[in-house]
Each structure stands twice: as structure tokens, then as C-alpha cells.
Amino acid sequence: MLNNNLKYCREELEMTQEELGFVFGVSRKTVTGWETNQDPMPLPKMIKFSNLYKYSIDYVMGLRRKNDNYTEINKLNKKQVGSNLKKIRNKLGLTQQQIADECMITQPTYSGYESGKFLVTSLTLYTICYNHKLSIYDILK
């Protein structure tokens, strides 16, 4: 389960859910879903939030306790992200099936992430980073 700090960041910025929703073109209900993990924030929106307000993605997603490693991400490249996922998986000595199982997704879905066919979801990214003590920046760079 994604342990995000989005609500704390929003409150620190003195924004309401409605105001944050306006920034992203979504409803207050959608923001509530993001903050309560009913519906994890999509990765492109997470990156936009991080870049707009200078919060580390690792911090926003709950992988770090402090907002001390902010790095701007200018563009998400599905192929590069997939290549990074594959390199990390191989370095860990794991199969696609093992990673898929720990993320509770199918192996073909994970394979699609590695091949760059699909952009990895924020929940899958969080799970991999949390389980293997990685930074999200290791995968998104």
C-alpha cells in the first residue's frame, strides 16, 4: 500500500483539496482518493506536483521521512524507465514473475513496463522501491 505524504504536502502549502484539484483539473473527490490511497495518484501527476512545489517524489510517496532529495524530472520516457526497471531487476537477481508477484500484478503487465510499452504505475513503482530500498529517482532517471 502506497504510504503517501500528499496530504501533508498539500496542508504545508496551505491548499485545500479543491485548490489542488483545480491545479490538476480533477475533483476534490479525486484528490481525496489520492490522499487516502483509494486511488493512487498517477505517476505523471505525481511528477507534476513534485516539480511545481519542489517536493521529492520519494517524500511525497512516503519512501523518505524528509523532503531532502528533490530532483526535477523534465520528461518521462517509458523506454528509459523500462530499461532502468530491467537493469535493477537483473541486479537484484529476480525474475519478472517474482517482481510481478510482489507488486500483485501479472507478469505480462510487468513485462510491458520493462519493454516501455506501458508507463509503470505509481503503486508498482512504490512497491519496488519500498521492497528493495531504492529511490524512485533510480528508476525515473
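Applying a threshold of 8 Å to beta carbon distances and a minimum spacing of six or more residues, or different chains, the list of pairs starting in the stretch 28-41 at a residue that is without any contact (Cβ under 8 Å) to a residue 24 or more places away in the chain and ending at one that is hydroxyl-bearing (S, T, Y) and in a helix (DSSP H, G or I) reads Q38/T32; D39/T30. You will find that of D101, D138, the residue that is surrounded by fewer than 17 Cβ atoms within 10 Å (Cβ to Cβ) and within 18 Å of I47 (Cα to Cα) is D138 and no other.
Within the set R64, R28, R10, the sole residue that is modelled with pLDDT of 95 or more, basic (K, R) and surrounded by 14 or more Cβ atoms within 10 Å (Cβ to Cβ) turns out to be R28. Just one of (1) assigned to a loop (DSSP other than H, G, I, E, B); (2) outside the structural domain of W34 (by TED's automatic domain parsing); (3) under 17 Å from N4 (Cβ atoms) fails for E72. It is (3).
Taking G21 as the residue in question, decide whether it is surrounded by 14 or more Cβ atoms within 10 Å (Cβ to Cβ) and free of Cβ contacts under 8 Å to residues at least 12 places away in the same chain. Answer is yes for this residue.
May I ask you to say which residue of S122, S111 is surrounded by 14 or more Cβ atoms within 10 Å (Cβ to Cβ) and under 16 Å from the mean Cα position of the chain (by Cα)?
On the way: S111 fails: under 16 Å from the mean Cα position of the chain (by Cα).
On inspection, the qualifying residue turns out to be S122.
The number of residues in the stretch 12-57 being closer than 23 Å to E72 by Cβ, of a type in the set (D, E, K, R) and part of a helix (DSSP H, G or I) comes to 4. Pairing each residue of the stretch 91-118 that is outside the structural domain of P44 (by TED's automatic domain parsing) and of a type outside the set (A, V, I, L, M, F, W, C) with any residue that is part of a loop (DSSP other than H, G, I, E, B) and surrounded by 14 or more Cβ atoms within 10 Å (Cβ to Cβ), provided the two are 6+ apart or on different chains, yields C-beta distances under 6 Å for G112/F118; Y113/V120.
Tallying residues that are under 16 Å from Y126 (Cα atoms), in a helix (DSSP H, G or I) and not acidic (D, E) within the stretch 94-108 yields 4.
The values are calculated or read from the model by the stated rules, or taken from the named source; none is laboratory data. Fair warning: this is a prediction, and the values are worked out from it, not measured in the lab. Please note: Cβ atoms are built from the backbone with ideal geometry, for glycine as well, and neighbour counts cover all protein chains shown.
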